[in-house]
Amino acid sequence: MSYTGKKEKSLVIIKPDGIQRSLIGEVIKRFESIGLKLIALKMIVPTPEQVEQHYTLDSNWRKVTGEKTIKGYKDKGLTPPTENPFEITDKLLINLKKYLSCGPVVAMVWEGAHAVKIIRKLVGGTEPLTSDVGSIRGDYVLDSYEMSDVDDRAIRNLIHASGSVPEAEMEIKHWFAPEELISYRLVQEEILYDVNLDGILE
């Protein structure tokens with residue numbers, strides 16, 4: 001039986017530091033090489049409002065992210081600046097808006113089997129310092145939570161990638177109109193998804 005989830009989609013944003021580091025082609029190459037299909041792409045300078053809306057599409061984002069940040073401090077033996085998760089994310093949002101609206105970003109939609117998980121694996125963890133070698137963040141960024149905390153800024157980690165399929169659906173609608181997503185066929189899809197690999201030999 002043919003796998004039906006081959007049309008899964010994920011949003012990817014190459015952030016301003018990725019643009020300034022001339023890594024657009026490298027990021028696209030990683031996703032193309034594994035077999036994902038690019039179905040939408042544009043370069044824009046986001047407004048601070050657009051950035052805030054992006055991070056608050058999920059009504060639980062502020063609470064969950066604040067709690068994770070507090071836990072992260074404690075796991076490292078540090079005292080968090082506050083125990084209130086909403087106060088934490090108030091500050092995070094200020095820094096994220098400044099970071100993501102400081103210059104152009106490249107927004108993309110990628111499609112393919114397990115697109116969300118595959119892209120998260122290729123991108124690496126949120127903190128570049130602890131991202132695996134071989135991941136985009138692990139290979140191309142030296143930033144850390146410690147550095148960003150000391151400098152009172154958002155962590156510079158090159159890329160945003162959707163964390164789940166429902167999150168991807170919300171985020172894609174936020175950044176792209178339906179008509180901006182292009183449906184087309186790639187020859188390589190026959191190799192990736194055809195059950196019997198028919199049609200290779202003439």
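FYI, it's all coordinate maths here, none of it is from the lab. Just so it is clear, the model here is predicted, and its values are computed rather than measured. No Cβ is skipped: glycine too gets one built from the backbone with ideal geometry, and neighbour counts run over all protein chains shown.
State which entries of Lys71/Lys121; Lys37/Lys71; Lys37/Lys98 exceed 28 angstrom in Cα-Cα distance in the structure shown. Don't skip to the answer; put the middle values down first.
Values: Lys71/Lys121 23 Å; Lys37/Lys71 37 Å; Lys37/Lys98 31 Å.
Beyond 28 Å: Lys37/Lys71; Lys37/Lys98.
The trypsin sites (Lys or Arg not before Pro) of the range 33-112 that DSSP puts in a loop, and whose beta carbon has at most 15 other beta carbons within 10 Å, are Lys76.
For the range 103-144, what relative contact order do you get, as a whole percent, if you take Cα pairs closer than 8 Å and at least 6 residues apart?
Working: 36 pairs, mean separation 11.2, N = 42.
Computed value for the range 103-144: 27 percent relative contact order.
Rank the residues Thr65, Thr56 as a footprinting-exposure proxy: fewest other Cβ atoms within 10 Å of their Cβ go first. Provide the component values of the computation, followed by the final result.
Details: Thr65 18, Thr56 13.
The order, fewest Cβ neighbours first, is Thr56, Thr65.
Ordered by the number of other Cβ atoms lying within 10 Å of each residue's own Cβ, fewest first, Leu57, Leu142 fall into the sequence Leu142, Leu57.
Here the chain is assigned +1 on the Cβ of each Lys and Arg and -1 on the Cβ of each Asp and Glu. Its dipole about the Cα centre then comes out at about 220 debye. Under the criterion of Cα pairs below 8 Å and six or more residues apart, the relative contact order for the range 67-141 equals 14 percent. Exposure proxy shown here: for Glu171, Glu87, Glu111, the number of other Cβ atoms within 10 Å sets the order, fewest to most, as Glu87, Glu111, Glu171.
What percent do you get for the relative contact order of the range 80-202 when only Cα pairs under 8 Å and 6+ apart count? If you can, show how the numbers build up before the last one.
Numbers: 85 pairs, mean separation 24.0, N = 123.
The normalised contact order for the range 80-202 reaches 19 percent.
Take every DSSP beta bridge whose two residues both sit in the chain, then give the antiparallel share in percent to the nearest 5. Present the calculation step by step, with values, prior to reporting the outcome.
On the way: 16 of 17 bridges.
Counting DSSP beta bridges with both partners in the chain, the antiparallel share is about 95 percent.
Nearest 20 debye, what's the magnitude of the dipole of the range 50-102 about its Cα centre given +1 on Lys and Arg Cβ and -1 on Asp and Glu Cβ?
Numbers: 9 positive and 7 negative charges, 30 e Å.
Computed about the Cα centre, the dipole is about 140 debye.
In the chain, taking the dipole from charged Cβ atoms about the Cα centre, the farthest positive-side position among Ser10, Ile155, Ser59 is held by Ile155.
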